[in-house]
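Quick note: the coordinates plus some simple rules give every number you see, no bench work behind them. Because the structure is a prediction, the values reported are computed rather than measured. Methodologically, a virtual Cβ is constructed for each residue, glycine included, from the backbone with ideal geometry; neighbour enumeration extends over all protein chains shown.
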Amino acid sequence: MKRLCPRRFRRHLPRLVTTNAAPGLPGGIHALDSMLTQTSPAGLDAYVAAGQSAMDNCAASLAAMQRSFADIKTCLDLPCGHGRVLRWLQTRIDPAGITACDIDREAVDFCRTEFGVKGVYSSDEPGQLVFPDSYDLIWVGSLLTHLDPRRCAALLGKLSSSLRENGVLIFTTHGESCFTYPGLLAYGKRFHATADRLQADFRREGHCYAPYEDTGYYGIALHSENFVKQLMTTGISARMQLVRFQARGWHGHQDVWSYRRI
C-alpha cells in the first residue's frame, strides 16, 4: 500500500489532522491517510464524496434486496485504510459489529482506536485471511482493482464464504472505460505507456493486470463485466446471486458489483 512518507520520518508527524479541517466529517483524519491526497478544500471534498458514494452504493444494494442498514449487524470493510468509508459506515452500523481489515497495520490500529471497531490485519495471500465474524455486509472498495487474477479469485472466494445467508458482498472493479482518458494515466505514466498491451490482454482474456513493480504483486487490474459474472457464478460459488451492477458507480470511476449469498 502506498505510503506518504518513509516510516523513519513518522515520529515527526502529528497523529491526526483534526476534523476542524472538514466540518461534519465523522472522526479524525490520520496524518498518513493516503486517500487524502491534499488538505485543500477540493481535496477534502473529494475525500468526503468518495466515502458518501460508497454509502450510497451500499444503501442502493441493500434496497435492491429489500433490506436497509437497520438490518445489518455485522460488517467488514476491506481494505479499510484510515477510514475513508468506515467513518461513515460506523454512523449507520454499530461499531462493535464492524471489522476493519487492511494490510497496513497502522491503518487498522487507527480505525480500531478512532472508531471503536474490531481490527484484523490482512495478508498478501487472501486465502490465509481469518475473520472474527461472518458478515451481513462486506464492502471491498478498490482492492480487486490492484490484484492479479489468482489473488482476485482467492479473495472473492474467501469473502463469499464469510457472508451470512442473505448477506451482501459489494466490491469495485476497473472496467473497460478506464482505458479512456485520463483512465490509467491517473495511476502513473507507466500504465498509460503499456495501455496497448493491457487492452490486448483485456480483449483476449476479459481482464488484464500489470504490477507496480517487477517484483511486487500490487498493481493495476481491469475486469470486463462478462469476466466478473462468469467468475462469480462458476468459479466462486453457485450460492452467489448478482443483485446490482453499476458501471462507474463509485465516485464516477470504478464499477460496483453487489452479490447476495442465497
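Brief remarks on what is shown
- Each principal axis of the Cα atoms in the chain has its own extent, and those three values, largest first, are 49, 44, 32 angstrom.
- Share of pairwise Cα separations in region 72-118, more than 15 Å, in percent: 26
- For Cys111, Cys208, order by how many other beta-carbon atoms lie within 10 Å, fewest first: Cys208, Cys111
- The count of lysine pairs in the chain whose Cα atoms are under 21 Å apart, excluding pairs fewer than 8 places apart on the same chain, comes to 5.
- Sorted largest first, the spans of the alpha carbon positions of region 17-95 along the three principal axes are 39, 22, 21 Å.
- Computed [θ] at 222 nm, deg cm²/dmol, the chain (DSSP H ≥ 4; -39,500 (n - 2.57); rounded to nearest 500): -9000 deg cm²/dmol
- Under 5 Å, built H, 5+ apart or other chain: amide partners of Arg248: Asp255, Val256
- Treating r as the C-beta distance of Arg150 and Thr91 and R0 as 45 Å, the FRET efficiency rounds to 0.80.
- Computed extension gain for Ala46 through Asp124, at 0.36 nm per residue and net of the alpha carbon distance, reaches 25.2 nm.
- Taking all pairs of distinct alpha-carbon atoms in region 113-262, Kirkwood radius in angstrom: 16.1
- Alpha-carbon spread of region 208-262, three principal axes, descending order, Å: 40, 27, 17
- Extension gain, Arg164 to Asp71, is 32.3 nm, computed as 0.36 nm per intervening residue step minus the present C-alpha separation.
- With at most 16 neighbouring Cβ atoms within 10 Å, loop trypsin sites (Lys or Arg not before Pro) (DSSP) excluded, longest segment of the chain: 74-238
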